Amino acid sequence: MRTVLQTNFNGIDALTLATVPRPKLTATGVLIKMQVVPVVPSDWKRETNPAATKEQLTDLPRPIGIGGVGQVVAVGAKRDPALFNQRVFVLQPSGSYADYIVSENPDFIFPLPATVTGASAAALTAGPGTAWVLQQAILASAATEILITGANSVIGLYLLQLLQPTVKRLYPLVTAASQAYFKTQCPTQPAYTPATLPHTLNQPLIIDIAGYRPLLVNLTQRFPEAELVSIAYQQKDLPHLSFVHEQFEPQRYRQFIQQLAVGRLIAPIDRTFPIAQVKQAQHYAQDHHSRGRVLVAF
Ligand SMILES: NC(=O)c1ccc[n+]([C@@H]2O[C@H](COP(=O)([O-])OP(=O)(O)OC[C@H]3O[C@@H](n4cnc5c(N)ncnc54)[C@H](OP(=O)(O)O)[C@@H]3O)[C@@H](O)[C@H]2O)c1
């Protein structure tokens, strides 16, 4: 079967599309034929930087990817036989880019209703779970004015959906190149650049998704007392900064899937590349402004 391996830290172009034996079903495992997997920023960060994430991902070679959607084709003796033949969203921190994976963790596998497309379920990976963490920071803050950098990002668009309805005043910050796209996604929500941000704001809460230091320096100089909560900037050289990350909670993913099923949550999707073009897919996602999640199909 095909898999995509990271064998060094030389970046996207050093990825290897390899042929390896199909993994064997275990008594505690579920064999899944993968259909669609997402490209997320941590993919290319991990491919260049051994310290990019907290997980132990420095043992190479390793299959890339942390989640995706596939069809269950065999169920181990100690697992729920009802999983057989189901289409599932699966989280697989040990690597999801393969024709077949064996999922061993019952908490990491989520059967999908027929109304949820594979693409939108695959885009749950590194998406609304992180937006939920930011939503909690906003709800816990006394600030009534909320700046959101990178608001057109995949996580930003999930966050704006999770926040509705809200009594807080939202100030999405979006680059000039992404204003028109943002308007197509959030037609009733005004977007700002640092230049158009109202001067009347009073120490807003800054939610950072872009992780772009010059922008954060600009904002922290302008609002010196403002709390800054980031999912993308980990250095400790800015005032009032906390870096946050997702604490995985299976029930939350079941809820996101239900919301997708009834159209209360919309997954931002860009385009899908075939697996043979995995390097092009990662370059496309890295080099272009965010227009939704890029996917790779097996
Ligand atoms: N802490 C965690 O638990 C966690 C979990 C998942 C992801 N993340 C991180 O969260 C970030 C967002 O993820 P995502 O999947 O939503 O990414 P994404 O869809 O690719 O969006 C990236 C965003 O950053 C903005 N941006 C990039 N460079 C910028 C610059 N120089 N100035 C202003 N804005 C800039 C982009 O604006 P344009 O589109 O206009 O270029 C876009 O809005 C990534 O860094 C990812 O690694 C963290």
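With the checklist (1) of a type outside the set (S, T, N, Q); (2) farther than 24 Å from Gln35 by Cα; (3) surrounded by fewer than 19 Cβ atoms within 10 Å (Cβ to Cβ) in hand, flag the one item Pro113 doesn't pass.
Every listed condition holds for Pro113 apart from (2).
Out of curiosity, is Lys183 more than 12 Å from the ligand (Cβ to nearest atom), free of Cβ contacts under 8 Å to residues at least 24 places away in the same chain and either closer than 20 Å to Ile269 by Cβ or surrounded by fewer than 20 Cβ atoms within 10 Å (Cβ to Cβ) (or both)?
yes
Take the range 200-247 and flag every residue that is closer than 22 Å to Gln136 by Cα, among the aromatic types (Phe, Trp, Tyr) and open to solvent by 30 Å² or more (accessible area, probe 1.4 Å).
Scanning the range 200-247 gives a single hit, Phe243.
So, in the range 111-120, exactly how many residues are touching a helix residue (DSSP H, G or I) at 6+ places or on another chain (Cβ under 7 Å) and part of a helix (DSSP H, G or I)?
1
Any chance the range 211-225 includes a residue that's more than 9 Å from the ligand (Cβ to nearest atom), in contact (Cβ under 8 Å) with a residue 40 or more places away in the chain and of a type in the set (A, V, I, L, M)?
yes
If I go through the range 266-298 residue by residue, how many of them are in a loop (DSSP other than H, G, I, E, B), away from the ligand (no atom under 11 Å from the Cβ) and open to solvent by 70 Å² or more (accessible area, probe 1.4 Å)?
Adding up the residues that qualify gives 1.
Quick check on Tyr192: is it within 16 Å of the ligand (Cβ to nearest atom), in contact with a strand residue (DSSP E or B) (Cβ under 9 Å, 6 or more places away or on another chain) and open to solvent by 40 Å² or more (accessible area, probe 1.4 Å)?
yes
In the range 248-259, which residues are hydrophobic (A, V, I, L, M, F, W, C) and open to solvent by less than 20 Å² (accessible area, probe 1.4 Å)?
The answer is Phe256, Ile257.
From the residues in the range 124-149 that are in a loop (DSSP other than H, G, I, E, B) and open to solvent by less than 10 Å² (accessible area, probe 1.4 Å), which one is farthest from the ligand (Cβ to nearest atom)?
Leu124
Does the range 93-110 hold any residues that are assigned to a loop (DSSP other than H, G, I, E, B), open to solvent by 30 Å² or more (accessible area, probe 1.4 Å) and of a type in the set (Ser, Thr, Tyr), and which are they?
If the condition is that a residue be assigned to a loop (DSSP other than H, G, I, E, B), open to solvent by 30 Å² or more (accessible area, probe 1.4 Å) and of a type in the set (Ser, Thr, Tyr), then Ser94 is the only one that fits.
Within the group Lys33, Lys45, Lys24, which residue is open to solvent by 30 Å² or more (accessible area, probe 1.4 Å) and assigned to a strand (DSSP E or B)?
Answer to the check: Lys33.
The values are calculated or read from the model by the stated rules, or taken from the named source; none is laboratory data. Note that the coordinates shown come from a computational prediction; the quantities given were computed from them, not determined experimentally. Methodologically, a virtual Cβ is constructed for each residue, glycine included, from the backbone with ideal geometry; neighbour enumeration extends over all protein chains shown. Ligands, DNA and RNA are stripped out before the accessible areas are found, and what is left, the full protein with its side chains, is counted by its heavy atoms. Shrake-Rupley method; radii C 1.70, N 1.55, O 1.52, S 1.80 Å.
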